[in-house]
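The values are calculated or read from the model by the stated rules, or taken from the named source; none is laboratory data. This one's a predicted model, so the numbers in the text were calculated from it and none came from an experiment. Cβ coordinates were reconstructed from backbone atoms using ideal geometry, including for glycine residues, and neighbour counts include every protein chain displayed.
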Amino acid sequence: MSQKLLDVENLTMKFGGLVAIDNLSFSADKDKITSIIGPNGAGKTTVFNCLTGFYKATAGSMFLNKENERLNLRKFSDFKVAQKAGVARTFQNIRLFPQMSVLENLMVAQHNKLMDASGFTILGLFNSPSFVKKEREAVEISKYWLDIIGLTHRADDDAGDLPYGDQRKLEIVRAMCINPHLLCLDEPAAGLNAKESAELNKLLLFIKNEKKTGILLIEHDMSVVMEISDHVVVLNYGKKIFQGSAKETKNSPEVIEAYLGTEE
Amino acid sequence: MEKKFFQTSIKDSLFTGLIALALFGPIVGLRTVAKNEVLEVHPKWLIVLIIVIVCAVGRFLTNLYVYNRDQKTGIQSSIGKSISNFLDTKGYQIALTAIIFSVIFPFLPFTDRYLMDIAIMMLTYIMLGWGLNIVIGLAGLLDLGYVAFYAVGAYSYALFAIHFGWSFWICLPIAGIFAAMFGVLLGFPVLRLRGDYLAIVTLAFGEMIRILLLNWYQLTKGPDGLTGIPRPSFFGLPFKSFPDEGEQTFHTFFGVEYDPMQRIIFLYYLILVLALITNLFTIKIRRLPIGRAWEALREDEIACKSLGVNPRNTKLTAFAIGAMFGGFAGSFFATRQAFISPESFTFIESAIIVAIVVLGGMGSQTGVVLATVFLIGLIEVFRDFESYRMIAFGGAMVLIMIFRPRGILATRKPTITLEKSSSK
């Protein structure tokens, strides 16, 4: 048995007659960044939606290997993938809680932990010391992440009022606040300028190296993909057409063909 | 520029006059009178003419003085802005003043029976508004059948009190639990619904409960209603003018003259305390993880799922807790009226409570109070004008929506702030 963090085996997703993902197998390592690339409509986001429980895969299996257990993600429905398996994700179009403050966004991410500490609200109503302590810890964790992305001074502002680039970063650290094993990022660099993309790269490398979290990345921005990916999986029409290192991918004739078409 | 503006204003007001003529001509102008079993038309063109002139001139004047961009110092900008500013910054002071005022209210010199009754009614609506604020304002679930829980609370209180003779303080929590159970009952089928669809189903639920109460004659006495619901006692001391032999009543125990106002004042403080408990509970629970999850669910359900927040449990608790406070308010209503029938729980009640929450500013506790005072107060002031008071009610809503489109108090304060929690 391989010791990869994520093993996707023969994953298939059909919408009626449309085969969005066709018998896809790939794996992702712990403390590695695995990029999934491919032309528009290749089925990248569908892979994410299957992994994170938003879709029920038609066939195949997705195993998440933790220290001493092997979980099949197909058995978890939507929110349980995050709660029980520790798979976090971000979205192509940012999904923050825009009218809640930046700090509150990060506190919601720590909901399950705090909910237990608040004794399903009853202990919390009476300000039990154990709950107050846990809550303060959660604030400290939030503050730690805000310091990393440099947004501590805006902690009490509405998340919706942040500039676009900061919202992207906030969504990523919000996902990190659930303390995931695997972080799935859906086009985190979309709409960022060069400086912001560079900051994003730094943040992702930090998460990979310091937090030992596996990262699965869908991205169109090749500067991000080439610079930080350890491993690249290329999809086209729901099928895997290539996998390998970033450098190999760049020179692969199949990949060039998928993106640019063949010369006739 | 000035001349052109003048011309468009004249045109606009002539057009307004035309619309007024089209509307009021047939409605007011052509009055039909039944005479000798024949329907005759009695035209009243003078009145129509007056109405049309008033509309046209009124439109001309508002064009000139209110909507004129060159005169931005008009009514809307100066008075409106200062009121808006006052409401936005002084929410806390308004709340404190209101609480102090409501505590001393029964002993103010001008307070009489009539005012007390209105105050009790307002407080009931405030409590219902605060309860519904959990469901609509925090969790963002548009519930148009809230009156169902009010009814469940009232009927369960009445039935337990009549058949088992239990006291108010025992029946109150039971009524709350019953209402909460009905909240969960409603919650389950609507878990996947949002927005308009949810509103329709909850509306139907409210009607179902009312029709059930109307038709389950053996239990609820149907349209006859339940009579003889026990009045609340002052911790075991009843309010009675002529006590039975050897019975302690409120006035004999405290050695004061009997006065029917004593019971009213007691009821007033009872609903005040119940309402304040609802308020404190909501303020507190908003800062707990569950409250934050409610608000997150209102903002984005998909993001909540991606963070491992269980949307089912979160929604059900919102429904249950909101319903529980509705049930408490219902038992108070039953004990105050001593008579309840399905007529008291019609859709218009739900609509008024939703209006209070929305106009007050979704999620704002003080906003609910201001909206209640404004709307219910206005209905009361116009009571002598009978059916015109609904026009006043509608007018009040329109005014609020014009001047405060996001509700009277729309500012939201974060439930936790970095400065406060780190300076602790």
Odd one out for A:GLY124, checked against (1) at the interface with chain B (Cβ under 8 Å from one of its Cβ atoms); (2) over 20 Å from the mean Cα position of the chain (by Cα); (3) assigned to a loop (DSSP other than H, G, I, E, B) | (3)
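Conditions (1) assigned by TED's automatic domain parsing to the domain that holds B:PHE339; (2) modelled with pLDDT under 90; (3) within 15 Å of B:ALA323 (Cα to Cα), marked per residue:
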| site | (1), (2), (3) |
| --- | --- |
| B:LEU144 | yes, no, yes |
| B:GLY153 | yes, no, yes |
| B:ILE162 | yes, yes, no |
| B:ILE170 | yes, yes, no |
| B:ASN215 | yes, no, no |
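Each row is one residue, and each column tells you yes or no for (1) of a type in the set (Gly, Ala, Ser); (2) out of contact with any Pro (no Cβ under 9 Å at 6 or more places or on another chain); (3) surrounded by fewer than 17 Cβ atoms within 10 Å (Cβ to Cβ).
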position: B:GLY225; (1), (2), (3): yes, no, no
position: B:PHE235; (1), (2), (3): no, yes, yes
position: B:MET261; (1), (2), (3): no, no, yes
position: B:LEU267; (1), (2), (3): no, no, no
position: B:LEU276; (1), (2), (3): no, yes, no
position: B:LEU280; (1), (2), (3): no, yes, yes
position: B:ILE283; (1), (2), (3): no, yes, yes
position: B:GLY291; (1), (2), (3): yes, yes, no
When region A:68-112 is checked residue by residue, the ones that are within 9 Å of another protein chain (Cβ to nearest Cβ) and of a type in the set (Lys, Arg) are A:LYS80, A:LYS84, A:ARG89, A:ARG95
Return the total of residues in region A:220-264 being out of contact with any Phe, Trp or Tyr (no Cβ under 6 Å at 6 or more places or on another chain), more than 20 Å from A:ALA189 (Cβ to Cβ) and small (Gly, Ala, Ser).
-> 4
From the list A:GLU199, A:GLU210, A:GLU219, A:GLU227, pick out the single residue that is closer than 17 Å to A:PHE48 by Cβ and of a type in the set (D, E, K, R).
-> A:GLU219
Give the residues of region A:106-161 that are within 21 Å of B:GLU301 (Cα to Cα), surrounded by fewer than 20 Cβ atoms within 10 Å (Cβ to Cβ) and of a type in the set (A, V, I, L, M, F, W, C), sorted by residue number.
-> A:PHE120
Pairs, please: C-beta under 6 Å, at least 6 apart or cross-chain, first residue outside any helix (DSSP H, G or I) and in region B:335-354, second polar (S, T, N, Q)?
-> B:PHE339/B:THR227
Lone unmet requirement of (1) in a loop (DSSP other than H, G, I, E, B); (2) surrounded by fewer than 24 Cβ atoms within 10 Å (Cβ to Cβ) for B:TYR114 | (1)
Among the residues of region B:305-318 satisfying the criterion of being in contact with a helix residue (DSSP H, G or I) (Cβ under 7 Å, 6 or more places away or on another chain) and more than 7 Å from chain A (Cβ to nearest Cβ), which is surrounded by the fewest Cβ atoms within 10 Å (Cβ to Cβ)?
-> B:LEU316
Right, B:GLY360: over 30 Å from A:LEU146 (Cα atoms), away from every other protein chain (no Cβ under 14 Å), out of contact with any strand residue (DSSP E or B) (no Cβ under 9 Å at 6 or more places or on another chain) and touching a residue at least 24 places away in the same chain (Cβ under 8 Å) or not?
-> yes
Which condition does A:PRO39 not pass, out of (1) crowded, with 18+ Cβ neighbours inside 10 Å; (2) away from chain B (no Cβ under 14 Å), if it passes all the others?
-> (1)
So B:LEU219, is it under 20 Å from B:PHE328 (Cβ atoms) and either modelled with pLDDT of 75 or more or in the same structural domain as B:TYR155 (by TED's automatic domain parsing) (or both) | no
Of the conditions (1) of a type outside the set (Gly, Ala, Ser); (2) at pLDDT below 85; (3) surrounded by 18 or more Cβ atoms within 10 Å (Cβ to Cβ), A:THR90 clears all except one; give me its number.
-> (2)
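Can you say whether B:ARG389 is away from every other protein chain (no Cβ under 14 Å), surrounded by fewer than 20 Cβ atoms within 10 Å (Cβ to Cβ) and either closer than 17 Å to B:VAL135 by Cβ or within 16 Å of the chain's Cα centre (by Cα) (or both), as far as the supplied structure shows?
yes
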Note on B:VAL273: of the conditions (1) within 14 Å of chain A (Cβ to nearest Cβ); (2) without any contact (Cβ under 8 Å) to a residue 12 or more places away in the chain; (3) under 28 Å from B:CYS171 (Cβ atoms); (4) among the hydrophobic types (A, V, I, L, M, F, W, C), unmet is (1)
Could you please find all residues in region A:142-190 being closer than 20 Å to A:PHE54 by Cβ, at the interface with chain B (Cβ under 9 Å from one of its Cβ atoms) and either small (Gly, Ala, Ser) or in contact with a Pro (Cβ under 9 Å, 6 or more places away or on another chain) (or both)?
-> A:GLU171, A:ALA175
Residues (under 18 Å from the mean Cα position of the chain (by Cα) and among the β-branched types (Val, Ile, Thr)) located in region A:46-73 = A:THR46, A:VAL47, A:THR52
